[in-house]
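Enquirer: So that we are looking at the same thing, I have put the structure below in structure tokens.
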Amino acid sequence: MEQPVLTEQPKALNTPNQRTFLDLNLSDDLQRAIDDMGFVTPSPIQSEAIPHILAGRDVIGQAQTGTGKTAAFGIPALEMIDITDRSVQTLVLCPTRELALQVADEIRKLSKYKRGLRVEAIYGGDSIERQIRALKGGVHIVIGTPGRVMDHMERNTLKLDNVKMMILDEADEMLDMGFREDIESILEDMPDERQTILFSATMSKPIMAMTQRFQKDPVLVKVVKKELTNQNIEQVYFEVKPKAKGEVMCRLIDMYDLKLMLVFCNTKRKVDEIVEDMQIRGYMAEGLHGDLRQSQRNNVMAKFRAGTTNILVATDVAARGIDVDDVDAVINFDIPLDEEYYVHRIGRTGRAGKSGRAFSLVSRDEKFRFREIQTYTKVKVEKGVIPSFEDIVGIRKARFIEQLQQTIEASNDLSLFEDVLTQLHHAGLSTEQVVAALVKRSMGIEKNEFSDQNLALEEDRRGDRKDRNGRFGDRDDRRGRFGDREGSRFGGDDRRGRFGDREREGSRFGGDDRRSRFGDRERSGAERRPASSDDRRQPREPREREAHMTRLFVSIGRKDFVRPGDIVGAIAGEANIPGNSIGHIDIYDKFTYVDVPNDAVSRVLDAMEGNTIKGRRVNVEVAR
């Protein structure tokens, strides 16, 4: 198919926009709902996209999260619904259940005065029986995740014969999460005569390929932010020893007296570890990640919105769709693997003209990645000084005195307690002892292993070299990054290589027989050349796996120029398992099979969630 000519309508986000919602000639009931929500002037993406969608055109909307995309497609979708027809007329696909719920909630607010209009969100983790009952009762607009939409289509409980408008929200995120086949299958089952709207923060090759296949003469509405990050957000980073990140985070909470905050990390396991550590320290923290049931997720979010929980720890994917105002600060416990994730993360504070803070805890291995983020956002992030233990003690003392003064000023009668000090004196306690004990009890602060240490990386570099065992942490036997080995990191008496124990003769990466570790193949030119088109039409069968190994599927292959060493390096480094424990690797055009020990499967899946190989985000799962 020839590539469609895109009519681009670029508009800078900060350009003054004189058009109002009244100029869009919307129906009275929709205009009333918009007025109730307090909106007068549409955002640039709304101003540019709504007229084209109302005119029946296919639209590609390129805009960052938080620019008003939901209303940009929700308003015209509502205008085109026929209330008398109880079939599904609009389908919206979202990458996560949180975003699906947020979109459904926004559309319900916009349809406040459209009597009889029904909106339903369908997603995994919710009762499918309840969803089936709702769909059978008649629904006009369905918002769902690709997997659950496919489930209902296969059960024949979701019929798309009368869909007039199909909307892909955050399409790039859905493709990154591995939903491409599901999305294409859904689009193929829809009527040819429909309107297809696609919103995405980026215009990657897979996105453009999808628009060429499923859209007709689309209009490209491009909204470019002049500033990728909000000027109201104070951004600071701290170079921290990896083991001290939890301590530094707690000190920052105390130093800035943060009331409501989001903490981001890269894996589900890290979320659980941080929450447990924070709760032990007495902080009200809850976690949010993909392993939680929907009821648990709803409960966590309800607590956070109500302020019962003031610290929410989440992964990037789980945080999609979170829309909470008055967040004091965002803390990047782990530096994100994608530059745009950083923008999404810190954009959750400093909203509605309020100020916010974004703190990033950067370990040595994350410094280069954080420099790339600064280049991408075109913002020079200031380096902060980690508060010392004495700083925190001083701050808590000052707050204790302030609270004491407020109590005295607010109390009309303290006579009921005036004899307590006399009783304590009779018990043999001095006034100084009493005050010190009360302050300690109120402050709840104790010395720990970090109290007398400098937690910055500079101290680690200047420290006594006798205490530094290797580049990547404390290792008494000078082990390298990926496993147990004697000698230096890249050599030694036995000439072992980077990924495990191997002899010089007949080694997995060399030796007399010149065989690779990843199969018995000669290192000839014929073996090294790229596979021909004939080779690709007849893919080889993967080798039989060993009994103690589990085969994993990795969504990257020969076309991505990936090599066995790339796979081993990524898995061994991220999951912290020896490279020589990884088994057979079979690389195909678009994917790879890799065998890992049974007892390391969970660790590998957690570590590789949202991770990259050769700069490409990959999906890793147990092979079917």
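The values are calculated or read from the model by the stated rules, or taken from the named source; none is laboratory data. A quick note: this is a predicted structure, and the numbers were derived from the prediction, not measured. Quick reminder, even Gly has a Cβ in these numbers, built from the backbone with ideal geometry, and neighbours come from all protein chains shown.
Enquirer: Which of the residues that make up the range 112-138 are assigned to a loop (DSSP other than H, G, I, E, B) and farther than 30 Å from D291 by Cβ?
Expert: Within the range 112-138, K112, Y113, K114, R115, G116, L117, R118, G137, G138 qualify.
Enquirer: If I filter the range 550-595 down to residues being of a type outside the set (S, T, N, Q), part of a strand (DSSP E or B) and under 16 Å from R624 (Cβ atoms), which single residue comes out as farthest from the chain's Cα centre (by Cα)?
Expert: Out of the qualifying residues, it is D586.
Enquirer: Yes or no: the range 322-341 includes at least one residue that is without any contact (Cβ under 8 Å) to a residue 40 or more places away in the chain and exposed (fewer than 13 other Cβ atoms within 10 Å of the Cβ).
Expert: Within the range 322-341 (the criterion being without any contact (Cβ under 8 Å) to a residue 40 or more places away in the chain and exposed (fewer than 13 other Cβ atoms within 10 Å of the Cβ)), the answer is yes, since at least one residue qualifies.
Enquirer: Does A358 meet the test of being more than 21 Å from V103 (Cβ to Cβ), in contact (Cβ under 8 Å) with a residue 40 or more places away in the chain and aliphatic (A, V, I, L, M)?
Expert: yes
Enquirer: Let me ask you something else. For the range 139-229, give me every one of the helices (runs of 4 or more DSSP H) that falls completely inside it and has 3 or more residues that are in contact (Cβ under 8 Å) with a residue 60 or more places away in the chain.
Expert: Where helices (runs of 4 or more DSSP H) fall fully within the range 139-229 and carry at least 3 residues being in contact (Cβ under 8 Å) with a residue 60 or more places away in the chain, they are 171-176, 205-214.
Enquirer: Now for a different question. Under 7 Å between Cβ atoms, which residue pairs at least 6 apart in sequence (or on different chains) link something in the range 303-314 that is closer than 19 Å to I346 by Cα with a partner that is among the hydroxyl-bearing types (S, T, Y)?
Expert: Note: pairs meeting the criteria are I311/Y283.
Enquirer: Would you please name the residue that is modelled with the lowest pLDDT, looking only at residues in the range 588-623 that are over 19 Å from N266 (Cβ atoms) and touching a Phe, Trp or Tyr at 6+ places or on another chain (Cβ under 8 Å)?
Expert: If we take residues in the range 588-623 being over 19 Å from N266 (Cβ atoms) and touching a Phe, Trp or Tyr at 6+ places or on another chain (Cβ under 8 Å), then A623 is modelled with the lowest pLDDT.
Enquirer: Which residues, counting only those in the range 89-104, are over 15 Å from Q294 (Cβ atoms) and surrounded by fewer than 23 Cβ atoms within 10 Å (Cβ to Cβ)?
Expert: Q89
Enquirer: Sticking with this one: When S295 is evaluated against the numbered criteria (1) surrounded by 18 or more Cβ atoms within 10 Å (Cβ to Cβ); (2) out of contact with any helix residue (DSSP H, G or I) (no Cβ under 9 Å at 6 or more places or on another chain), which criterion, by number, is the only one it fails?
Expert: Condition not satisfied by S295: (1).
Enquirer: What's the total number of residues in the range 66-80 that are surrounded by fewer than 21 Cβ atoms within 10 Å (Cβ to Cβ) and closer than 15 Å to R194 by Cβ?
Expert: Adding up the residues that qualify gives 1.
Enquirer: Further question on the same structure: Can you find a residue that is surrounded by fewer than 17 Cβ atoms within 10 Å (Cβ to Cβ), at pLDDT 85 or above and under 22 Å from V327 (Cβ atoms) anywhere in the range 221-228?
Expert: Within the range 221-228 (the criterion being surrounded by fewer than 17 Cβ atoms within 10 Å (Cβ to Cβ), at pLDDT 85 or above and under 22 Å from V327 (Cβ atoms)), the answer is no, since none of the residues qualifies.
Enquirer: Can you tell me which of (1) surrounded by fewer than 19 Cβ atoms within 10 Å (Cβ to Cβ); (2) assigned to a helix (DSSP H, G or I); (3) not hydroxyl-bearing (S, T, Y) is the one A607 doesn't meet?
Expert: For A607, the exception is condition (1).
Enquirer: I would also like to ask the following. Of the conditions (1) under 29 Å from Q46 (Cα atoms); (2) surrounded by 21 or more Cβ atoms within 10 Å (Cβ to Cβ); (3) modelled with pLDDT of 90 or more; (4) not basic (K, R), Q131 fails just one. Which one is it?
Expert: Exception for Q131: condition (1).
Enquirer: I need the full set of residues from the range 1-60 which are touching a strand residue (DSSP E or B) at 6+ places or on another chain (Cβ under 7 Å) and either assigned to a loop (DSSP other than H, G, I, E, B) or modelled with pLDDT under 85 (or both), in order please.
Expert: Within the range 1-60, L6, T7, E8, Q9, P10, K11, A12, L13, G56, R57, D58 meet the criteria.
Enquirer: Could I ask something else about it? Under 6 Å by Cβ, and 6 or more places apart or on different chains, what pairs join a residue from the range 250-276 that is outside any helix (DSSP H, G or I) with one that is aromatic (F, W, Y)?
Expert: Sorted first by the residue in the range 250-276, then by its partner, the pairs are V263/F333; C265/F333.
Enquirer: Return the pair list, or none, for Cβ contacts closer than 9 Å from residues in the range 405-421 that are at pLDDT below 75 to residues that are assigned to a helix (DSSP H, G or I) and exposed (fewer than 10 other Cβ atoms within 10 Å of the Cβ), at least 6 apart or on different chains.
Expert: If the second residue must be assigned to a helix (DSSP H, G or I) and exposed (fewer than 10 other Cβ atoms within 10 Å of the Cβ), the pairs left are L414/I408.
Enquirer: Would you pick out the residues in the range 272-314 that are out of contact with any strand residue (DSSP E or B) (no Cβ under 8 Å at 6 or more places or on another chain) and among the basic types (K, R)?
Expert: Residues satisfying the conditions are R281, R293, R305.
Enquirer: Is it the case, given these coordinates, that S111 is touching a residue at least 40 places away in the same chain (Cβ under 8 Å), small (G, A, S) and surrounded by fewer than 21 Cβ atoms within 10 Å (Cβ to Cβ)?
Expert: Taking the combined requirement at face value, the residue does not satisfy it.
Enquirer: If you don't mind, another one. Might you let me know whether the range 355-369 holds any residue that is in the same structural domain as M255 (by TED's automatic domain parsing), over 21 Å from D257 (Cβ atoms) and of a type in the set (S, T, N, Q)?
Expert: yes
Enquirer: Could you look through the range 366-390, keep only residues that are of a type in the set (F, W, Y) and under 21 Å from A319 (Cβ atoms), and pick out the one that is surrounded by the most Cβ atoms within 10 Å (Cβ to Cβ)?
Expert: Of everything passing the filter in the range 366-390, F370 is surrounded by the most Cβ atoms within 10 Å (Cβ to Cβ).
Enquirer: Name every residue in the range 344-365 that is over 17 Å from the mean Cα position of the chain (by Cα) and surrounded by 16 or more Cβ atoms within 10 Å (Cβ to Cβ), in order of residue number.
Expert: If the condition is that a residue be over 17 Å from the mean Cα position of the chain (by Cα) and surrounded by 16 or more Cβ atoms within 10 Å (Cβ to Cβ), then G350, R351, G356, R357, V362, S363 are the ones that fit.
Enquirer: What single numbered condition from (1) assigned to a helix (DSSP H, G or I); (2) under 22 Å from A244 (Cβ atoms); (3) among the acidic types (D, E) fails to hold for D334?
Expert: Condition (1) is where D334 drops out.
Every residue, every condition in (1) within 21 Å of M80 (Cα to Cα); (2) crowded, with 19+ Cβ neighbours inside 10 Å, yes or no:
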site	(1), (2)
M153	no, no
L158	yes, yes
M166	yes, yes
D176	no, yes
R180	no, no
P191	yes, no
S204	no, no
K216	yes, no
V236	no, no
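Enquirer: Would you call F264 assigned by TED's automatic domain parsing to the domain that holds A72 and either of a type in the set (F, W, Y) or under 22 Å from the mean Cα position of the chain (by Cα) (or both)?
Expert: In short, no.
Enquirer: Exactly one of (1) in contact (Cβ under 8 Å) with a residue 24 or more places away in the chain; (2) closer than 16 Å to F238 by Cβ; (3) assigned to a loop (DSSP other than H, G, I, E, B) is unmet by K380. Its number?
Expert: So the condition that K380 fails would be (1).
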